[in-house]
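Chemist: Below: one structure in structure tokens.
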Amino acid sequence: MANTQQLNDLVIQVRRDILRMVHKVNSGHPGGSLGCTEFFVAMYNEIMELNEGFDMDGVGEDLFFLSNGHISPVYYSVLARRGYFPVEELNTFRLIDSRLQGHPTTHEGLPGVRIASGSLGQGMSVAIGAALAKKLNKDAHIVYSLHGDGELQEGQNWEAIMYAAGNKVDNLIATVDYNKKQIDGATDDVLPLGDLKSKFEAFGWDVLEITEGNSLPAILDGMKTAKERTGKGKPVCVLLHTEMGNGVDFMMHTHAWHGKAPNDEQLEVALTQNPETLGDY
Amino acid sequence: MKKYIDTGKKDTRSGFGAGLAELGRTNPDVVALCADLVGSLKMNTFIDENPDRFFQVGIAEANMMGIAAGLTVGGKIPFTGTFANFSTGRVYDQIRQSIAYSGKNVKICASHAGLTLGEDGATHQILEDIGLMKMLPGMVVINPCDYNQTKAATIAIAEHQGPVYLRFGRPGVANFTPEDQKFEIGKAILLNEGSDVTIVATGHLVWEALQAAEELENQGISAEVINIHTIKPLDDEAILRSVAKTGCVVTAEEHNYLGGLGESVSRVLVKNNPVPQEFVATNDTFGESGTPAQLMEKYGLNAAAIVKAAEKVVKRK
């Protein structure tokens with residue numbers, strides 16, 4: 001278990017990784033990555049029970065599936081800094097012959113990744129399948145998934161949401177990155193999601209909200225509560241209220257940095273706001 | 001020519017059901033999923049015997065493909081069951097990303113393929129599925145010809161590590177291959193030796209090819225008949241060995257000529273031994289309602305059509 005200072009340091013270092021990764025290749029998705037940094041750090045360092053090393057079947061440990069694969073920078077950084085692969089490999093993000101593809105994939109054998117994602121709306125179904133396999137294997141561990149809020153516009157999610165409740169998949173915690181923004185603007189302007197909490201509840205889920213989704217203590221507290229609410233006959237949904245671009249002032253309160261890399265000057269400003277803690281890759 | 005006996009009309013989907021039932025008894029990792037078509041897919045025996053290993057997902061095929069992909073994480077071997085139309089076109093992106101690109105060990109089992117679905121008409125008669133599936137890197141594509149072979153194929157694909165598309169059909173058709181056959185993925189079966197023309201057939205058209213070969217023999221044309229149950233990986237060697245002898249080929253399939261078996265065979269020929277080829281396939285068209293026999297007649301997918309194609313291709317040599 002890490003202490004608060006260590007987790008805070010890790011959050012800042014992961015932010016630096018994200019910014020430097022997307023800057024180097026002038027592509028990638030910093031906005032959602034920065035918004036979910038605290039969540040990923042909490043999950044991989046405090047919340048999930050993980051085995052040493054990587055095994056695709058993941059028997060005897062918690063599993064995580066990233067459905068909104070475009071926030072690969074935060075995923076890669078946190079996986080690397082958790083020891084799944086060398087941190088230096090972050091240098092190869094989106095480059096030819098890299099295991100760190102633009103969107104995560106099992107295809108190049110990157111440890112930590114169990115499904116390809118990028119084409120949206122598929123991750124909840126996959127997480128349900130993995131949760132069912134855990135039940136068949138009598139493996140009392142939890143399957144976690146993360147989804148963009150805009151991603152819920154994809155219909156497959158609602159097939160999955162209906163299935164999970166109808167079949168009491170109660171070893172599943174699906175978290176929604178509820179930043180209320182997507183590529184073309186506010187979700188309310190592109191296609192309103194309505195009352196997500198009521199919708200999940202109407203489908204039969206147990207829903208809890210983490211209103212401060214960029215606060216480590218709030219995330220730790222909320223996810224521990226979510227964990228306690230598994231095994232009670234209902235799948236659990238966490239609405240994680242985040243700020244896209246969190247930690248870099250000019251990237252916050254806008255959807256503009258969903259899929260845009262900072263230029264040299266912007267990177268310098270962003271890194272100044274997040275001074276090196278654990279060492280750059 | 002070699003005689004093949006129809007031991008009685010049986011549907012290939014029942015062969016799938018029988019194979020799945022056997023897997024239920026022999027392989028504890030095999031699980032099955034269905035999108036509200038249990039009866040049509042003949043999955044009842046498996047379900048009755050292994051209720052905890054069956055997942056009814058409802059009319060939600062996209063979710064079914066994703067759940068199947070997830071079940072492999074944990075070592076399960078999922079077999080999905082629905083109509084061919086809903087097993088492919090409807091869920092192409094789910095198969096592409098969550099199964100094929102992710103390299104997941106999912107068996108996509110697709111019934112009611114092609115025109116022989118019959119009266120339900122073109123909305124359900126997919127004639128593009130072989131093309132869709134063979135284009136996916138790493139996907140194995142199998143279209144067995146009768147009940148016995150479908151049962152054997154179903155059992156065999158559980159032993160193959162990686163995604164498989166298994167295509168079969170609705171109507172009762174001649175059951176003529178051995179009951180105890182061992183199914184080898186990617187290995188063509190030479191059904192009849194001949195010297196004038198090679199007929200390469202898949203699925204329901206294999207029996208028709210045998211009937212055509214008999215008719216051709218009466219006309220003095222010696223036809224070699226190859227049952228190419230696996231379209232990908234294709235048994236290039238078997239095809240090339242045969243055409244080296246006959247010098248021409250007819251391909252026969254219950255599928256559009258665009259994207260089907262015929263095109264795969266053409267590629268092998270063009271690269272190695274360009275010889276004349278004729279295509280017995282649908283001609284870039286949708287189907288319609290009718291009985292299977294009427295449809296196969298109207299769209300030129302029966303023994304008579306193969307005979308005509310063979311006569312034509314022999315003259316082109």
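The values are calculated or read from the model by the stated rules, or taken from the named source; none is laboratory data. Computed from a predicted structure; not experimentally measured. FYI the Cβ positions are ideal-geometry reconstructions off the backbone, even for glycines, and counts take in every protein chain you see. These area figures cover heavy atoms from the full protein model, side chains too; ligands, DNA and RNA do not enter into them. Shrake-Rupley method; radii C 1.70, N 1.55, O 1.52, S 1.80 Å.
Chemist: Hey, what do the phi angles of the stretch B:279-286 turn into as Karplus ³J(HN,Hα) couplings, whole Hz, using 6.51/-1.76/1.60 and θ = phi - 60°, x for Gly and Pro?
Modeler: 10, 9, 6, 6, 9, 6, 9, 7
Chemist: Something else about it: Quick check: Cα centre of the stretch B:66-100 to Cα centre of the stretch A:76-96, how many Å?
Modeler: 29
Chemist: Kindly report, to the nearest 10 Å², the accessible surface of residue B:112 as traced by a 1.4 Å probe over protein heavy atoms only.
Modeler: Roll a 1.4 Å probe over it and residue B:112 shows about 10 Å².
Chemist: While we're looking at this one, here's another question. Output the antiparallel fraction of DSSP beta bridges having both residues in chain A, as a percent to the nearest 5.
Modeler: Antiparallel bridges: around 10 percent, rounded to the nearest 5.
Chemist: Any chance you could list the semi-axes, whole Å, largest first, of the equivalent ellipsoid that the Cα gyration tensor gives for the stretch B:123-214, using √(5λ)?
Modeler: Rounded to whole Å, the semi-axes are 22, 17, 15.
Chemist: Give me the accessible area buried between chains A and B, both sides summed, with a 1.4 Å probe, in Å² rounded to the nearest 100.
Modeler: The contact between B and A buries close to 2200 Å².
Chemist: Are there trypsin sites (Lys or Arg not before Pro) in the stretch B:1-79 that DSSP marks as loop and that have at most 14 other Cβ atoms within 10 Å, and which are they?
Modeler: When the trypsin sites (Lys or Arg not before Pro) of the stretch B:1-79 are filtered for loop state and at most 14 Cβ neighbours within 10 Å, B:2, B:3, B:9 remain.
Chemist: Longer than 21 Å from Cα to Cα, which of B:245/B:315; A:234/B:107; A:197/A:232 are they? Say none if no pair is.
Modeler: Going by Cα-Cα distance, A:234/B:107 fall outside the 21 Å limit.
Chemist: List every residue whose amide H lies under 5 Å from the amide H of residue B:77, counting only residues 5 or more places away in sequence or on a different chain, with H placed 1.01 Å from N in the peptide plane.
Modeler: Under 5 Å from the amide H of residue B:77 lie the amide H atoms of B:30, B:31, each far enough along the sequence or on another chain.
Chemist: What is the dipole size for chain B, taken about its Cα centre, with +1 at each Lys and Arg Cβ and -1 at each Asp and Glu Cβ, in debye to the nearest 20?
Modeler: Roughly 580 debye for chain B.
Chemist: Can you tell me the 0 to 90 degree angle between the C-alpha axis of helix B:147-157 and the longest principal axis of chain B, rounded to 10?
Modeler: Approximately 60 degrees, to the nearest ten.
Chemist: Which Rg and Dmax, in Å, describe the Cα atoms of the stretch B:1-147?
Modeler: Rg, Dmax (Cα atoms, Å): 15.3, 50.
Chemist: Now a separate question. Just the number please: accessible area per residue for the protein assembly as shown, 1.4 Å probe, all protein chains included, in Å².
Modeler: On a per-residue basis, 37 Å².
Chemist: What does the charge count around residue A:105 come to, taking other residues whose C-beta lies under 11 Å from its C-beta (Lys +1, Arg +1, Asp -1, Glu -1)?
Modeler: Net local charge, residue A:105 excluded: +1.
Chemist: Turning to a different aspect of this structure: Under a no-solvent Debye model with one identical scatterer per Cα of chain A, what's log10 I(q)/I(0) at q = 0.16 Å⁻¹?
Modeler: Debye curve over Cα of chain A, log10 I(q)/I(0) at q = 0.16 Å⁻¹: -1.28.
Chemist: Just want to confirm a number: the relative contact order over chain B, from Cα pairs under 8 angstrom separated by 6+ residues, in percent.
Modeler: Relative contact order comes out at 19 percent.
Chemist: Please work out the C-alpha center-to-center distance from the stretch B:281-303 to the stretch B:204-228 and express it in whole Å.
Modeler: Cα centres, the stretch B:281-303 to the stretch B:204-228: 19 Å.
Chemist: Something else now. With +1 on each Lys and Arg Cβ and -1 on each Asp and Glu Cβ, how big is the dipole of the protein assembly as shown about its Cα centre, in debye rounded to the nearest 20?
Modeler: About 1100 debye.
Chemist: Can you compute the radius of gyration and Dmax for the protein assembly as shown, using only the Cα atoms, both in Å?
Modeler: According to the Cα coordinates of the protein assembly as shown, Rg and Dmax are 27.1, 89 Å.
Chemist: Over the alpha-carbon set of the stretch A:147-199, work out the extent along each principal axis and list the three values in angstrom, largest first.
Modeler: If we take the Cα atoms of the stretch A:147-199, the spans are 35, 18, 16 Å.
Chemist: In the stretch A:24-181, carbon and sulfur make up what percent of the accessible area (probe 1.4 Å)?
Modeler: That fraction is 49 percent.
Chemist: Within the stretch B:95-176, list the GluC sites (Glu not before Pro) lying in a DSSP loop whose Cβ has at most 16 other Cβ atoms in a 10 Å radius.
Modeler: Counting only loop positions with at most 16 other Cβ atoms within 10 Å, the GluC sites (Glu not before Pro) in the stretch B:95-176 are B:119, B:159.
Chemist: Which whole-number percentage describes the relative contact order of the stretch A:119-224, with Cα contacts under 8 Å and a sequence gap of 6 or more?
Modeler: Relative contact order, the stretch A:119-224: 25 percent.
Chemist: Going by amide H atoms built from the backbone, whose H comes under 5 Å of the H on residue A:175, apart from near neighbours?
Modeler: A:145, A:146, A:147, A:238
Chemist: Take the alpha carbon atoms of the stretch B:168-182, find their center, do the same for the stretch A:146-183, and report the distance between the two centers in whole angstrom.
Modeler: If we compute the Cα centre of each part, the gap is 43 Å.
Chemist: Additional query: For the stretch A:23-111, how big is the tail of P(r) above 23 Å, as a whole percent of Cα pairs?
Modeler: Counting pairs separated by more than 23 Å, the tail of P(r) holds 18 percent.
Chemist: Please report the carbon-and-sulfur percent of the accessible area for chain B; probe 1.4 Å, protein heavy atoms only, DNA, RNA and ligands left out.
Modeler: Of all accessible area on chain B, carbon and sulfur atoms account for 49 percent.
Chemist: Round to the nearest 10 and give me the degree value, 0 to 90, for the angle of helix B:303-315's Cα axis relative to the longest principal axis of chain B.
Modeler: 50
Chemist: Something else now. Once Rh for chain B is found with the Kirkwood sum over Cα pairs, what is the Stokes-Einstein diffusion coefficient at 20 °C and 1.002 mPa s, in µm²/s?
Modeler: 111
Chemist: With θ set to phi - 60° and the Karplus curve 6.51 cos²θ - 1.76 cosθ + 1.60, what are the ³J(HN,Hα) couplings of the stretch A:176-185 in order, to the nearest whole Hz, using x for Gly and Pro?
Modeler: 9, 6, 8, 9, 6, 9, 9, 3, 8, x
Chemist: I've got another one for you. Given H placed on each backbone N at 1.01 Å, which residues far from residue B:191 in sequence or on other chains put an amide H within less than 5 Å of it?
Modeler: So residue B:191 has HN proximity to B:225, B:226, B:227.
Chemist: Nothing charged except the Cβ atoms of Lys and Arg (+1) and of Asp and Glu (-1): what's the magnitude of the dipole of the stretch B:10-173 about its Cα centre? Round to the nearest 20 debye.
Modeler: Charge dipole of the stretch B:10-173: 260 debye, to the nearest 20.
Chemist: Provide the per-residue ³J(HN,Hα) series for the stretch B:251-260, in order, calculated from phi with Karplus coefficients 6.51, -1.76, 1.60 and θ = phi - 60°, each as a whole number of Hz, with x at glycine and proline positions.
Modeler: Per-residue couplings from phi come out as 9, 9, 7, 9, 6, 4, 5, 7, x, x Hz.
Chemist: Rounded to the nearest 0.05, what FRET efficiency do residue B:214 and residue B:181 have when you use their Cβ-Cβ distance and R0 = 25 Å?
Modeler: 0.70
Chemist: A further question on this structure: As a test of reading the structure, rank A:257, B:207 by solvent-accessible area (1.4 Å probe, protein chains only), most first.
Modeler: B:207, A:257
Chemist: Continuing with the same structure: Which of these, A:207, A:25, A:238, has the largest mean-square fluctuation under a Gaussian network model of chain A (Cα springs below 10 Å)?
Modeler: Highest fluctuation among the options: A:25.
Chemist: A further question on this structure: For a Förster distance of 30 Å, can you work out the FRET efficiency between the beta-carbons of residue A:198 and residue A:256, rounded to the nearest 0.05?
Modeler: 0.50
Chemist: For residue A:108 and residue B:245, what does the FRET efficiency come to when R0 = 56 Å and r is the distance between their Cβ atoms, rounded to the nearest 0.05?
Modeler: For R0 = 56 Å, the calculated efficiency reads 0.80.
Chemist: Taking chain B as a Gaussian network, where each spring joins two C-alpha atoms under 10 Å apart, which residue of B:94, B:125, B:149 fluctuates the most?
Modeler: Result: B:94 has the largest fluctuation of those listed.
Chemist: Okay, moving on. Using all alpha carbons of the stretch A:162-266, what is the percent of pairwise distances in each 10 Å bin, ordered from the shortest bin to the longest?
Modeler: Answer for the stretch A:162-266: a P(r) of 15, 37, 31, 14, 3, 0 percent.
Chemist: In the Gaussian network model of chain B, springs joining C-alpha atoms below 10 Å, which of B:306, B:231, B:189 carries the largest mean-square fluctuation?
Modeler: Maximum fluctuation in the GNM of chain B, among the listed residues, is at B:189.
Chemist: With a cut-off of 8 Å between alpha carbons and a minimum separation of six or more residues, what is the relative contact order of the stretch B:10-173 in percent?
Modeler: Worked out over the stretch B:10-173, it gives 31 percent.
Chemist: Hey, rough spin-label estimate for residue A:27 and residue A:52, points 7 angstrom out along Cα→Cβ, what's it come to in nanometres?
Modeler: 3.9
Chemist: While we're on this one: Run the numbers on the stretch A:132-172: which residues show a drop of 30 Å² or more in accessible area, chain on its own versus all protein chains together, using a 1.4 Å probe over heavy atoms?
Modeler: Buried by 30 Å² or more upon assembly, which counts only protein chains, are A:132, A:133, A:136, A:137, A:156, A:159, A:163.
Chemist: Could you tell me what percent of the DSSP beta bridges with both partners in the protein assembly as shown are antiparallel, to the nearest 5?
Modeler: Expressed as a percentage, antiparallel bridges in the protein assembly as shown total about 15.
Chemist: Could you check how many percent of all C-alpha pairs in the stretch B:147-285 are farther apart than 22 Å?
Modeler: 36
Chemist: Follow-up question, since we're still on this one. Provide, in order from the shortest bin, the percent of all Cα-Cα pairs of the stretch B:57-119 in each 10 Å bin, continuing until the bin that contains the maximum pair distance.
Modeler: With a bin width of 10 Å, the distribution comes to 24, 54, 19, 4, 0.
Chemist: Also, quick follow-up: Positive end of the charge dipole of the stretch B:189-315 (Lys, Arg +1 and Asp, Glu -1 on Cβ, about the Cα centre): tell me which of B:242, B:273, B:295 has its Cα farthest that way.
Modeler: About the Cα centre, the residue reaching furthest to the positive side is B:273.
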